[in-house]
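Here's the structure we're looking at; comments come further down.
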Amino acid sequence: MENHSLPTILALLFLALGTSNAFSPTSRMTKIASTRRLSSATSTMLNASHKATLTPDTTWRLRFSLNGVPTKNGRKVGELFNVDVQFSEEDGYEPPQGDVTQIVPVSSKDGIKYLKVKKGRWQLSEDPEDRKDGLWIWGLFKEPLYPFMLLQIETEEYSLPGDEEDAIEPLKLYAQINHKRDKDTGEIELDAATLNIREIETIKADPFGAAKIDLYEEVKCGQMTLRPLIESNVEATL
(Lines give C-alpha, C1' and ligand atoms only; values in the text may rest on other atoms or scores of the structure.)
Protein backbone atom coordinates (compact mmCIF):
# COMPACT_ATOMS: atom_id res chain seq x y z
CA MET A 1 0.00 0.00 0.00
CA GLU A 2 1.30 3.43 -0.96
CA ASN A 3 1.82 6.01 1.72
CA HIS A 4 -0.20 9.20 1.25
CA SER A 5 1.12 12.54 2.42
CA LEU A 6 -0.72 14.27 5.25
CA PRO A 7 -1.92 17.22 3.10
CA THR A 8 -3.53 14.82 0.62
CA ILE A 9 -5.37 12.96 3.39
CA LEU A 10 -6.67 16.22 4.88
CA ALA A 11 -7.88 17.42 1.48
CA LEU A 12 -9.79 14.17 0.87
CA LEU A 13 -11.36 14.36 4.35
CA PHE A 14 -12.48 17.99 3.83
CA LEU A 15 -14.07 17.09 0.47
CA ALA A 16 -15.99 14.18 2.00
CA LEU A 17 -17.36 16.36 4.81
CA GLY A 18 -18.46 19.07 2.36
CA THR A 19 -20.32 16.55 0.17
CA SER A 20 -22.18 15.02 3.12
CA ASN A 21 -23.37 18.46 4.31
CA ALA A 22 -25.05 19.03 0.96
CA PHE A 23 -27.45 16.16 1.74
CA SER A 24 -27.91 16.93 5.43
CA PRO A 25 -31.44 17.62 6.88
CA THR A 26 -30.44 21.25 7.54
CA SER A 27 -29.52 21.76 3.89
CA ARG A 28 -32.79 20.21 2.69
CA MET A 29 -34.84 22.40 5.04
CA THR A 30 -33.04 25.49 3.77
CA LYS A 31 -33.90 24.56 0.17
CA ILE A 32 -37.56 23.88 1.06
CA ALA A 33 -37.82 27.24 2.85
CA SER A 34 -36.35 29.00 -0.18
CA THR A 35 -38.84 27.24 -2.48
CA ARG A 36 -41.73 28.23 -0.24
CA ARG A 37 -40.59 31.87 -0.24
CA LEU A 38 -40.42 31.81 -4.04
CA SER A 39 -43.87 30.20 -4.29
CA SER A 40 -45.33 32.77 -1.89
CA ALA A 41 -43.83 35.64 -3.86
CA THR A 42 -45.20 34.23 -7.13
CA SER A 43 -48.66 33.83 -5.58
CA THR A 44 -48.58 37.43 -4.35
CA MET A 45 -47.67 38.65 -7.84
CA LEU A 46 -50.51 36.66 -9.41
CA ASN A 47 -53.05 37.97 -6.90
CA ALA A 48 -51.89 41.53 -7.47
CA SER A 49 -52.44 41.17 -11.22
CA HIS A 50 -56.20 40.55 -10.76
CA LYS A 51 -57.15 44.20 -10.62
CA ALA A 52 -60.43 45.56 -11.97
CA THR A 53 -60.05 47.46 -15.26
CA LEU A 54 -62.18 48.75 -18.12
CA THR A 55 -60.59 46.23 -20.52
CA PRO A 56 -61.44 42.67 -21.63
CA ASP A 57 -59.07 41.49 -18.85
CA THR A 58 -61.92 42.06 -16.37
CA THR A 59 -65.45 40.67 -16.48
CA TRP A 60 -68.03 42.67 -14.53
CA ARG A 61 -71.30 41.33 -13.16
CA LEU A 62 -74.13 43.82 -13.52
CA ARG A 63 -77.10 43.03 -11.28
CA PHE A 64 -80.34 44.71 -12.31
CA SER A 65 -83.23 45.17 -9.92
CA LEU A 66 -85.97 46.30 -12.32
CA ASN A 67 -89.29 47.76 -11.23
CA GLY A 68 -92.31 48.69 -13.35
CA VAL A 69 -90.84 47.74 -16.72
CA PRO A 70 -93.38 47.31 -19.55
CA THR A 71 -94.45 43.97 -21.03
CA LYS A 72 -96.01 43.09 -24.40
CA ASN A 73 -99.39 42.56 -22.74
CA GLY A 74 -99.37 46.02 -21.18
CA ARG A 75 -98.39 45.00 -17.67
CA LYS A 76 -95.69 46.51 -15.43
CA VAL A 77 -93.44 43.94 -13.75
CA GLY A 78 -90.41 43.80 -11.49
CA GLU A 79 -87.58 41.27 -11.89
CA LEU A 80 -83.99 40.59 -10.82
CA PHE A 81 -81.46 39.96 -13.59
CA ASN A 82 -77.73 39.45 -13.99
CA VAL A 83 -75.65 40.53 -16.98
CA ASP A 84 -71.94 39.66 -17.22
CA VAL A 85 -70.03 42.06 -19.48
CA GLN A 86 -66.59 43.22 -20.52
CA PHE A 87 -65.65 46.78 -21.46
CA SER A 88 -63.37 47.54 -24.40
CA GLU A 89 -61.96 50.98 -25.19
CA GLU A 90 -61.77 52.52 -28.65
CA ASP A 91 -58.45 54.14 -29.48
CA GLY A 92 -58.19 57.83 -30.26
CA TYR A 93 -61.10 59.15 -28.19
CA GLU A 94 -61.10 61.61 -25.33
CA PRO A 95 -62.87 61.12 -22.99
CA PRO A 96 -62.31 57.32 -22.99
CA GLN A 97 -65.24 55.34 -24.41
CA GLY A 98 -66.05 52.06 -26.07
CA ASP A 99 -68.29 49.01 -26.41
CA VAL A 100 -69.92 46.65 -23.94
CA THR A 101 -69.77 42.91 -24.75
CA GLN A 102 -71.88 40.32 -22.95
CA ILE A 103 -70.18 37.21 -21.53
CA VAL A 104 -71.93 33.86 -21.07
CA PRO A 105 -71.80 32.58 -17.44
CA VAL A 106 -70.42 29.08 -16.90
CA SER A 107 -73.69 28.11 -15.18
CA SER A 108 -76.84 29.73 -13.81
CA LYS A 109 -77.79 27.07 -11.26
CA ASP A 110 -78.25 29.78 -8.65
CA GLY A 111 -81.65 30.54 -10.21
CA ILE A 112 -80.69 34.07 -11.26
CA LYS A 113 -82.13 35.17 -14.60
CA TYR A 114 -79.90 36.59 -17.30
CA LEU A 115 -80.95 39.27 -19.75
CA LYS A 116 -79.49 39.12 -23.25
CA VAL A 117 -77.73 42.28 -24.41
CA LYS A 118 -77.99 43.40 -28.05
CA LYS A 119 -75.40 46.14 -27.70
CA GLY A 120 -73.98 48.61 -25.25
CA ARG A 121 -71.79 51.70 -25.02
CA TRP A 122 -69.87 53.37 -22.19
CA GLN A 123 -68.12 56.70 -21.83
CA LEU A 124 -66.23 58.34 -18.98
CA SER A 125 -67.49 61.81 -18.24
CA GLU A 126 -67.30 64.91 -16.18
CA ASP A 127 -70.51 65.78 -14.38
CA PRO A 128 -73.02 66.15 -17.26
CA GLU A 129 -74.84 68.78 -15.20
CA ASP A 130 -71.68 70.72 -14.27
CA ARG A 131 -69.03 70.33 -16.97
CA LYS A 132 -65.68 72.03 -16.35
CA ASP A 133 -64.97 72.33 -20.09
CA GLY A 134 -61.92 70.09 -19.82
CA LEU A 135 -59.93 72.23 -17.37
CA TRP A 136 -57.23 69.51 -17.28
CA ILE A 137 -56.28 70.54 -20.84
CA TRP A 138 -55.09 73.91 -19.49
CA GLY A 139 -52.83 72.27 -16.92
CA LEU A 140 -55.08 72.79 -13.92
CA PHE A 141 -55.07 69.03 -13.26
CA LYS A 142 -52.34 66.44 -13.86
CA GLU A 143 -54.74 64.14 -15.71
CA PRO A 144 -58.39 64.13 -16.86
CA LEU A 145 -60.87 63.93 -14.01
CA TYR A 146 -63.77 61.68 -14.96
CA PRO A 147 -65.89 60.97 -11.88
CA PHE A 148 -68.67 59.30 -13.90
CA MET A 149 -69.26 56.52 -16.38
CA LEU A 150 -72.26 56.99 -18.68
CA LEU A 151 -73.59 53.55 -19.57
CA GLN A 152 -76.18 52.58 -22.19
CA ILE A 153 -77.35 48.99 -22.65
CA GLU A 154 -79.97 47.65 -25.08
CA THR A 155 -81.56 44.31 -24.19
CA GLU A 156 -83.53 41.76 -26.19
CA GLU A 157 -87.07 40.67 -25.41
CA TYR A 158 -87.30 38.43 -22.34
CA SER A 159 -90.08 35.80 -22.20
CA LEU A 160 -91.89 35.60 -18.88
CA PRO A 161 -93.08 32.28 -17.39
CA GLY A 162 -96.79 31.48 -17.42
CA ASP A 163 -99.63 30.78 -19.82
CA GLU A 164 -100.11 34.43 -20.82
CA GLU A 165 -97.21 34.26 -23.30
CA ASP A 166 -96.10 37.64 -22.02
CA ALA A 167 -92.60 39.09 -22.28
CA ILE A 168 -90.57 42.08 -21.14
CA GLU A 169 -90.15 44.29 -24.16
CA PRO A 170 -86.67 45.23 -25.38
CA LEU A 171 -85.22 47.87 -23.09
CA LYS A 172 -82.79 50.71 -23.58
CA LEU A 173 -81.27 51.25 -20.14
CA TYR A 174 -79.23 54.25 -19.05
CA ALA A 175 -77.11 54.82 -15.93
CA GLN A 176 -74.72 57.44 -14.58
CA ILE A 177 -72.22 55.55 -12.43
CA ASN A 178 -69.71 56.96 -9.97
CA HIS A 179 -66.27 56.04 -11.34
CA LYS A 180 -62.98 55.96 -9.43
CA ARG A 181 -59.51 55.03 -10.69
CA ASP A 182 -56.52 54.47 -8.40
CA LYS A 183 -53.75 56.62 -9.92
CA ASP A 184 -51.02 54.28 -8.62
CA THR A 185 -52.43 50.84 -9.50
CA GLY A 186 -54.95 51.77 -12.21
CA GLU A 187 -57.67 49.74 -10.46
CA ILE A 188 -61.26 50.78 -11.19
CA GLU A 189 -64.20 51.09 -8.80
CA LEU A 190 -67.78 51.45 -10.05
CA ASP A 191 -70.52 52.28 -7.55
CA ALA A 192 -74.16 51.22 -7.54
CA ALA A 193 -76.38 53.43 -9.68
CA THR A 194 -79.96 54.21 -10.66
CA LEU A 195 -81.28 52.60 -13.86
CA ASN A 196 -83.43 54.67 -16.21
CA ILE A 197 -85.41 54.04 -19.37
CA ARG A 198 -86.35 56.70 -21.89
CA GLU A 199 -90.02 57.35 -22.54
CA ILE A 200 -90.80 59.09 -25.82
CA GLU A 201 -93.57 61.64 -26.25
CA THR A 202 -94.36 62.92 -29.75
CA ILE A 203 -95.75 66.45 -29.89
CA LYS A 204 -96.75 68.82 -32.67
CA ALA A 205 -94.10 71.33 -33.68
CA ASP A 206 -96.59 73.71 -35.33
CA PRO A 207 -100.30 74.56 -34.92
CA PHE A 208 -101.27 72.57 -38.02
CA GLY A 209 -99.51 69.35 -36.96
CA ALA A 210 -97.46 69.18 -40.14
CA ALA A 211 -94.23 68.80 -38.18
CA LYS A 212 -93.69 66.67 -35.09
CA ILE A 213 -90.84 66.23 -32.67
CA ASP A 214 -90.01 63.50 -30.17
CA LEU A 215 -89.28 64.45 -26.58
CA TYR A 216 -87.35 62.04 -24.36
CA GLU A 217 -87.80 61.73 -20.64
CA GLU A 218 -85.66 59.44 -18.51
CA VAL A 219 -87.74 57.52 -15.98
CA LYS A 220 -86.29 55.52 -13.11
CA CYS A 221 -86.89 51.79 -13.50
CA GLY A 222 -84.60 50.25 -10.90
CA GLN A 223 -81.11 49.93 -9.42
CA MET A 224 -77.86 48.39 -10.63
CA THR A 225 -74.76 47.12 -8.84
CA LEU A 226 -71.45 46.28 -10.52
CA ARG A 227 -68.64 44.03 -9.29
CA PRO A 228 -65.61 42.44 -10.97
CA LEU A 229 -65.49 38.64 -11.35
CA ILE A 230 -62.59 36.21 -11.43
CA GLU A 231 -61.89 34.43 -14.74
CA SER A 232 -63.27 31.03 -13.66
CA ASN A 233 -66.81 32.43 -13.46
CA VAL A 234 -67.09 33.21 -17.16
CA GLU A 235 -66.93 31.28 -20.38
CA ALA A 236 -67.44 33.01 -23.72
CA THR A 237 -69.12 35.84 -25.55
CA LEU A 238 -72.66 35.58 -26.83
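For segment 56-76, the residues whose amide N sits under 20 Å from a probe point set 7 Å from the Cα of residue 163 along the beta carbon direction are 72-75.
Please report the accessible area of residue 230 (heavy atoms, 1.4 Å probe, ligands and nucleic acids excluded) in Å², nearest 10. Near enough 110 Å² of accessible area. A 1.4 Å probe, protein heavy atoms only, puts the accessible area of residue 50 near 120 Å². Let's test the formula: R0 of 22 Å, r as the Cβ-Cβ distance of residue 216 and residue 156. What FRET efficiency results, to the nearest 0.05? Step by step, r from the Cβ atoms, then E = 0.55. A dipole drawn for segment 57-117 from +1 and -1 charges on Cβ atoms has a positive end, and of 82, 69, 102 the residue lying farthest that way is 69.
State the extension gain, in nm to one decimal, for the chain segment bounded by residue 79 and residue 55, taking 0.36 nm per residue of separation less the distance between their alpha-carbons.
Values: separation 24, 0.36 × 24 = 8.64 nm, distance 2.88 nm.
Extending this stretch completely gives an extra 5.8 nm.
A Förster radius of 25 Å combined with the Cβ-Cβ distance from residue 199 to residue 225 puts the calculated FRET efficiency at roughly 0.55.
Distance between the pseudo-spin-label points of residue 114 and residue 189 (7 Å out from Cα toward the beta carbon): 2.9 nm.
The values are calculated or read from the model by the stated rules, or taken from the named source; none is laboratory data. Model, not experiment: these values are computed from the prediction. For neighbour counting, all protein chains shown are included, and Cβ atoms are generated from backbone atoms with ideal geometry for every residue, glycine included. Ligands, DNA and RNA are stripped out before the accessible areas are found, and what is left, the full protein with its side chains, is counted by its heavy atoms. Shrake-Rupley method; radii C 1.70, N 1.55, O 1.52, S 1.80 Å.
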